[in-house]
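Everything on this sheet refers to the single structure shown next.
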Amino acid sequence: MKGFNISFLSLVFSFFSWSQDVSSTSNIKHFGFTKASSVLLESTDFSGSFKTVQGRVSLNDSLRVTGFDMVIDVNSLALSMEGMTKHAKSSDFFDVVNFPTITFFGGTVYAADSLWKVDGKMKAKGVELDKTIPFICHLVKKGEIKIEAKFTIKRSEFGIGEPDAVSDEVVIHTTLFAKEK
């Protein structure tokens, strides 16, 4: 994978600890995202996806999510409009040469309104912001889970392109498949 360093991912994960409810720390199981995982982008002007997503999620025996971290390879971006992908990867937008990843490191995980929510730090193009991501976690079969999330970000908050270049609000749809490690 051009521009994506697996040892970087390992290093990043080794420095971040996952938040865990003290009462649920027994029998924590860790799940790593599979190649089937993706992050879709949708706005009024464009749509596309990131095909390379890595990360992990932890669950206790009660299937309570206790940790969530994700790293997206920005070089895996593919947009639906011809020619737009190359421009989106340039220094005008994502600047993949200097910022090859988007990261989200979860802190507090809690249940809210029949959804899970994770508070954490999202970092893109060198800008780190507090974000809360709502998600649903499904047990697919023993040792495999699926996480689905839908939330909105503003490109301008991360300095990705000029605010009026294309739609500032981007809806993010994630479908993350993970297997127990």
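The values are calculated or read from the model by the stated rules, or taken from the named source; none is laboratory data. The structure presented is a predicted model; accordingly, all values stated were derived computationally and were not measured. In this analysis, Cβ positions are derived from the backbone assuming ideal geometry, glycine residues included, and neighbour counts consider all displayed protein chains.
The condition (being closer than 19 Å to residue 114 by Cα, buried (at least 19 other Cβ atoms within 10 Å of the Cβ) and out of contact with any Ser or Thr (no Cβ under 6 Å at 6 or more places or on another chain)) is satisfied by just one residue among 145, 160: 145. Please enumerate the residues belonging to region 135-144 that are in a strand (DSSP E or B) and over 17 Å from residue 111 (Cα atoms). Passing the criteria: 140, 141, 144.
Is it the case that some residue within region 59-79 is modelled with pLDDT of 95 or more, at positive phi and crowded, with 16+ Cβ neighbours inside 10 Å? Checking region 59-79: not a single residue is modelled with pLDDT of 95 or more, at positive phi and crowded, with 16+ Cβ neighbours inside 10 Å. Scan region 17-34 and tell me whether some residue there is closer than 24 Å to residue 97 by Cα and either at pLDDT below 90 or of a type outside the set (Asp, Glu) (or both). For region 17-34, residues closer than 24 Å to residue 97 by Cα and either at pLDDT below 90 or of a type outside the set (Asp, Glu) (or both): absent.
Listed here are the residues, each with its yes/no results for (1) at pLDDT 95 or above; (2) more than 28 Å from residue 28 (Cβ to Cβ); (3) hydroxyl-bearing (Ser, Thr, Tyr).
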site: 96; (1), (2), (3): yes, yes, no
site: 99; (1), (2), (3): yes, yes, no
site: 107; (1), (2), (3): no, no, no
site: 123; (1), (2), (3): yes, no, no
site: 156; (1), (2), (3): no, yes, yes
site: 165; (1), (2), (3): no, yes, no
site: 168; (1), (2), (3): no, yes, no
site: 171; (1), (2), (3): yes, yes, no
site: 177; (1), (2), (3): yes, no, no
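So that you can scan it fast, the table gives a plain yes or no per residue for (1) exposed (fewer than 14 other Cβ atoms within 10 Å of the Cβ); (2) in contact (Cβ under 8 Å) with a residue 40 or more places away in the chain; (3) farther than 20 Å from residue 93 by Cβ; (4) not polar (S, T, N, Q):
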| residue | (1), (2), (3), (4) |
| --- | --- |
| 106 | no, yes, yes, yes |
| 116 | no, yes, yes, yes |
| 125 | no, no, no, yes |
| 131 | no, no, no, yes |
| 141 | yes, no, yes, yes |
| 149 | no, no, yes, yes |
| 167 | no, yes, no, no |
| 171 | no, yes, no, yes |
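List the strands (runs of 3 or more DSSP E) inside region 22-130, counting only whole elements, that have at least 1 residues being among the aromatic types (Phe, Trp, Tyr) and under 13 Å from the mean Cα position of the chain (by Cα). It would help to see each step written out before you state the result.
Details: elements: 29-33, 38-42, 47-50, 53-59, 65-73, 77-79, 101-112, 115-124.
Qualifying strands (runs of 3 or more DSSP E): 29-33, 47-50, 65-73, 101-112.
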